[in-house]
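Taken together, the values in this text are just the output of simple stated rules run on the coordinates, not laboratory data. The shown structure was predicted, so the numbers you read here are calculated from the model rather than taken from an experiment. Quick reminder, even Gly has a Cβ in these numbers, built from the backbone with ideal geometry, and neighbours come from all protein chains shown.
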Amino acid sequence: MVNLELAKVNTQLRRTLTLVNSSPIPAMFIIKNSKNKKLGLDNFIVNETNGSDHGTDSLQSGSLVVGKPIKTRRGNIINFDVSHYTLRPNEKKQINMTADCLN
C-alpha cells in the first residue's frame, strides 16, 4: 500500500518507489487500486496505448486492465510509469508515480 500523505488541492505530487527482489527467483507485481478485487496476476490485461481494438472478448473490462490511470473516489488521478513487471532475482526497479490532486 502506498500512502501519498496530504496534498494541496490543484497540485501534482511526484514520488519514486523502489522495489527490490532479494530472492533467488523472479517476482511478478502489478499496481492496482486495492478495491479492485477482480484484478490479479493471472487475469490482467495490458492497456493498449496505440488506440487499436483487436476485438478481444468481454474480459477486457475496466476492472481487469492495467496501465491506465487510477481514479480515486474524489476524482484524483494517479499514474505509474510501470504498472506491471517481473523482477529478476536480486533486481531493483524504480517506479515513478504522479498524482494529480484535484480535490
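Measure off 7 Å from each Cα along the Cα-to-Cβ vector at Thr16 and Phe29, then give the distance between these two points in nanometres to one decimal.
Taking the two extended label points, one gets 1.5 nm.
Which of Asp100, Asp42 has the fewest other C-beta atoms within 10 Å, and how do the rest follow up to the most? Walk me through the numbers before you get to the answer.
Details: Asp100 16, Asp42 6.
Ordered from fewest to most neighbouring Cβ atoms within 10 Å, Asp100, Asp42 come out as Asp42, Asp100.
Starting from the range 62-103, pick out the trypsin sites (Lys or Arg not before Pro) whose DSSP state is loop and whose Cβ has at most 15 other Cβ atoms within 10 Å. Please list the in-between numbers first.
Numbers: sites: Lys71, Arg73, Arg74, Lys92, Lys93; in loops: Arg73, Arg74.
The qualifying sites are Arg73, Arg74.
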